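Read the structure below first, then the notes.
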Amino acid sequence: MEPRDKVAIVTGGGSGIGRATVLALARAGAVVIAADLEIAGAEETALLAGNEGGRAHAARVDVADPAQLGQLFADVERRHGGLDILHNNAGIITSGKAYPDSARESWSRMLDVNLRAVIVGTQLGIEAMRRRGGGAIVNTASLAGLTGYPTDPVYGAAKGGVVMLTLSLAPLALSDRIRVNCVCPGITDTPMVRQARARGEEEFPGFVPPDLPMLAPEAVAEGVLHLIRDESLAGRALKVMVKGQSLEPLPRGAWRPES
């Protein structure tokens, strides 16, 4: 599917991978809704797209609230006539200590944002795209969802769930002309990751080793657009990694490139 003149929603569109995807879709000619809990970030994304001649709008949404998600999709359909592209991208990490020592509230919120919201958003996207006659959904998973992530096991479980949801929806490409795929990036240079690194090893032990090369968000956005454009791809998990990087678990649970 070529993005030109298509309508797209990107959650977590206020920064990081979401912002990079909004800008890439806008450059490709799509009308993009940058949805984010932090409306200021979403508005800045929309402004950046507009400065480049693109069409983007900001919307505030807490993806963990199904009612807010439902309202977002209804508003987009009403204002733009339908939905063609969805990037379920919003995500957070577990706050505080690592599982199993973390408070249940911290990883419960993470599950709501990283997995439950993707399930709900995908369902809403499918409903809208059925009315449209087809579409493309890309979910942001992670390499952690393919290999495990001892540093944050519940995060790895959530991203693994996103991968399995994506793979299980492959038949929709034939029955409804809706292709569901996911990107599985390595650790990416986003505000969330930079904040985790700044808050240090005491709160996020091993989450972002200081010598680990990180992906640029634009590299992940490029993968998202590839999955949108390639009509042959459905139920696929696309790895996005730093060139030449190989990841392996260390005893302390950190992930580092091979020396």
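The values are calculated or read from the model by the stated rules, or taken from the named source; none is laboratory data. Keep in mind that this is a model prediction, so the values were computed, not measured. In this analysis, Cβ positions are derived from the backbone assuming ideal geometry, glycine residues included, and neighbour counts consider all displayed protein chains.
What the table below lists for this structure:
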item: Test result for Arg79, more than 30 Å from Arg4 (Cα to Cα), free of Cβ contacts under 8 Å to residues at least 24 places away in the same chain and out of contact with any helix residue (DSSP H, G or I) (no Cβ under 6 Å at 6 or more places or on another chain); result: no
item: Those helices (runs of 4 or more DSSP H) lying entirely in segment 114-195 with at least 2 residues within 15 Å of Ile85 (Cα to Cα) and basic (Lys, Arg); result: 117-132
item: Selection status of Tyr149, buried (at least 20 other Cβ atoms within 10 Å of the Cβ) and closer than 25 Å to Gly41 by Cβ; result: no
item: Residues of segment 71-98 that turn out to be part of a loop (DSSP other than H, G, I, E, B) and either surrounded by 19 or more Cβ atoms within 10 Å (Cβ to Cβ) or among the hydrophobic types (A, V, I, L, M, F, W, C) (or both), as a count; result: 9
item: Test: residue in segment 1-14 that is of a type in the set (A, V, I, L, M) and part of a helix (DSSP H, G or I); result: no
item: Failed criterion for Arg194 (all others in (1) of a type in the set (Lys, Arg); (2) touching an Asp or Glu at 6+ places or on another chain (Cβ under 8 Å); (3) at pLDDT below 90 hold); result: (2)
item: Qualifying residues in segment 220-254 (those that are of a type in the set (Val, Ile, Thr) and not in a helix (DSSP H, G or I)) - the one modelled with the lowest pLDDT; result: Val242
item: Out of Ala42, Ala35, Ala24, Ala30, sole residue that is over 21 Å from Gly53 (Cβ atoms), among the aliphatic types (A, V, I, L, M) and more than 11 Å from the chain's Cα centre (by Cα); result: Ala35
item: Test set (1) among the small types (Gly, Ala, Ser); (2) in contact (Cβ under 8 Å) with a residue 24 or more places away in the chain; (3) surrounded by fewer than 23 Cβ atoms within 10 Å (Cβ to Cβ) - Ala30 fails condition number; result: (3)
item: So Val63, is it assigned to a loop (DSSP other than H, G, I, E, B) and surrounded by 24 or more Cβ atoms within 10 Å (Cβ to Cβ); result: yes
item: Residues located in segment 87-131, provided they are more than 14 Å from Tyr155 (Cα to Cα) and in contact with a Phe, Trp or Tyr (Cβ under 9 Å, 6 or more places away or on another chain); result: Gly121, Leu124, Gly125, Glu127, Ala128
item: The lone exception for Gly134 - which of (1) at pLDDT 95 or above; (2) out of contact with any Asp or Glu (no Cβ under 8 Å at 6 or more places or on another chain) it fails; result: (2)
